[in-house]
1. Mind telling me which of the residues THR324, THR312, THR341 ends up being β-branched (Val, Ile, Thr) and closer than 23 Å to ALA272 by Cβ?
2. Looking for whichever is open to solvent by less than 40 Å² (accessible area, probe 1.4 Å) and more than 23 Å from ARG318 (Cα to Cα) here; the options are VAL80, VAL129, VAL93. Which one fits?
3. What about LEU254, is it more than 20 Å from PRO141 (Cα to Cα) and aliphatic (A, V, I, L, M)?
4. Looking only at helices (runs of 4 or more DSSP H) that fall completely inside region 13-130, which ones have 2 or more residues that are out of contact with any Asp or Glu (no Cβ under 8 Å at 6 or more places or on another chain), closer than 20 Å to SER207 by Cα and in contact (Cβ under 8 Å) with a residue 24 or more places away in the chain?
5. Find the residue count for region 233-255, including only residues that are surrounded by fewer than 19 Cβ atoms within 10 Å (Cβ to Cβ) and either in contact (Cβ under 8 Å) with a residue 24 or more places away in the chain or under 17 Å from GLN31 (Cβ atoms) (or both).
6. Conditions: (1) more than 28 Å from ALA264 (Cβ to Cβ); (2) modelled with pLDDT of 95 or more; (3) more than 22 Å from the chain's Cα centre (by Cα). PRO106 meets all but one. Number of the miss?
7. Condition (residue is closer than 30 Å to ALA170 by Cβ, open to solvent by less than 40 Å² (accessible area, probe 1.4 Å) and of a type in the set (Gly, Ala, Ser)) applied to region 97-118: is it met by at least one residue?
8. One residue is enough: does region 326-335 have a residue meeting the conditions of a type in the set (Phe, Trp, Tyr) and more than 21 Å from MET83 (Cα to Cα)?
Amino acid sequence: MTARRACLCLALLLGAGGAAHADDGITFVSQGGSYQAAQTQAILDPVARQLGISIDQDSAPDAWAEIRTQTATGKAFWDVVDMPAKDCARGGVRGMIAPLDYAAIPNARDLPDAYKTPWSVAYEFYSSVLAYNTDKYGNAPPRGWADFWDVKKFPGTRALRDNPLATIEAALLADGVPPDRLYPIDLDRAFRKLEQIKPYITVWWTSGAQAAQLLADGEVDMEMAWSNRVSAVQREGAPVGFTWNQGLLQYTSLCILKVSPHIATATRFVDAAIGRQVQADLTRYTDNGPGNPRAYDIGAIPPARLRDLPNTPDNARRQALVSTEWWSSPAGDEAMRRWLTFVRH
């Protein structure tokens, strides 16, 4: 198990009296840090009160290995996990994640089909964007991935994420592939393009915090980074900017372990957690966007916040939605294998 476990333990009345039963609780898992703290305030605490359940928390930046262990032993310590949609999908195919009972999740009707799989629903949105040092590039910053690859017109140090997801898409966009023609991904073309930029990459970052620090410290002049991390260092006064143009729009999803002993309660939680109001409230605490797009329709998000959120209609139309279906397929697995060879040789 991971180290962090917090208990909300809200013993609430479900009728005339008495505390919530043990069966009325779940363990929720997310990525920790300020992101999970925002979820606690906006979603976990309110949903616990709304449903009359207790919610224990754990954090795991990469939950996949632990889910495999719990599945193999048949002993679940977790119930609901917030993780990349592709991992929910591949876990479902491999019998590790439970199929969702959509009849018991009416709030899922708000979500487009592209945001759902048989095992998961979108929970929050973020973007991989092109970020840059504003002191370095002044009034003529890079505006797309072709500029990132153009080391003559835009000299400077560069960083990319040590992960093929979104990085491969950026390479194809730099090579002229239209955003609506990215899938199925042409891996040979993508890796040829990546080989061109590889000699100019000074850092392959592995965490959002590291990417933000590279920008804040001026260690790199431009990089792929998560938009919410860039916004955070901007507010701290760092000379950085980014463009939504050719961003790679991504989302994490909620899914339920198949070996969970609390599937009914977990399903109730998933439904409540993607409700419009709590999803809108999430934007009060983080620059991640709501997984439920109808959260934008209820007037609960201040207009001034919209420029910072990745999946508003205006920002989303300038980006490409990363395909959960493709990345959870055998082709996505092959991309992961090829990446390990590429980045380490």
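The values are calculated or read from the model by the stated rules, or taken from the named source; none is laboratory data. Just so we're clear, the structure is a prediction, and the values are computed from it rather than from any experiment. Reconstructed Cβ throughout: ideal geometry from the backbone, glycine too, with neighbour counts over all protein chains shown. These accessible areas exclude ligands, DNA and RNA; they are computed on the full protein's heavy atoms, side chains included. Shrake-Rupley method; radii C 1.70, N 1.55, O 1.52, S 1.80 Å.
1. Going through THR324, THR312, THR341 in turn, the sole match is THR324.
2. Of VAL80, VAL129, VAL93, the one residue that is open to solvent by less than 40 Å² (accessible area, probe 1.4 Å) and more than 23 Å from ARG318 (Cα to Cα) is VAL80.
3. So LEU254 fits the description; yes.
4. 33-39, 85-93
5. 4
6. Exception for PRO106: condition (1).
7. no
8. There is no residue in region 326-335 that is of a type in the set (Phe, Trp, Tyr) and more than 21 Å from MET83 (Cα to Cα).
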